[in-house]
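Notes follow the structure.
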Amino acid sequence: MTLLWIFAIVIGALASAENAAPGVAPGCGDPPAEPKDREYGRVIDGDSCEKRYLLAKGQQFLASCQRHCPDKNISYPLDNGYPCLQFMKKGFLLERDDESKNTCRIGMCYDGKCRRFRQRYPVACTVPEDKIDRSE
């Protein structure tokens, strides 16, 4: 019986030594994670489907040639011929101090994909704020 009491005391001492100070919960003392840069702005219609957009030269262009419906988990291709922009990870003229550091290429929607023009030069583009289109 004495052996059981000694064993219980040793186990209790070991358990309390490991959890001596409660301290801060994991993740609470860490700095907040920086949000990822968005690659497009969204316009959500009345059916809860979204079209993705980018801004260049003061105009709004499609960033994706598809209409995404997350509630139905399906995407529909948009009509051919719409102008679109392909987002590139490379910065645009980094020596300049303007607000746009993103680069895009202009193209046209064809079969649900943005096909870029070969002779077009990259343009500076920005990501617009998300909007809800209540007109539909």
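Here, each number is a calculation from the coordinates, and none is a lab measurement. As the structure is a prediction and not an experimental result, all values here were calculated from the model. Please note: Cβ atoms are built from the backbone with ideal geometry, for glycine as well, and neighbour counts cover all protein chains shown.
What is the set of long-range amide H partners of CYS65 at a cut-off below 5 Å, with H atoms built 1.01 Å from backbone N?
Residues meeting the amide H criterion: CYS114.
Using the Cβ atoms and a cut-off under 11 Å, what net charge is assigned to the surroundings of ARG38, where Lys and Arg are +1 and Asp and Glu are -1?
-1
Where Lys and Arg each count +1 and Asp and Glu each count -1, what net charge lies around MET108 among other residues with Cβ under 13 Å from its Cβ?
Result for the local shell: +4.
Could you give the nm distance between label points at ARG115 and ASP45, where each point is 7 Å from its Cα heading toward the beta carbon?
2.3
How high is the FRET efficiency between SER75 and ASP37 when r is their beta carbon distance and R₀ equals 25 Å, given to the nearest 0.05?
The pair SER75/ASP37 has a calculated efficiency of 0.65.
Just to be sure I understand the model, the point goes 7 Å from the Cα along the line to the Cβ. What's the resulting GLN59 to SER135 distance in nm?
1.7
Provide the per-residue ³J(HN,Hα) series for region 123-130, in order, calculated from phi with Karplus coefficients 6.51, -1.76, 1.60 and θ = phi - 60°, each as a whole number of Hz, with x at glycine and proline positions.
For region 123-130, the Karplus curve yields 10, 6, 9, 10, 9, x, 6, 5 Hz.
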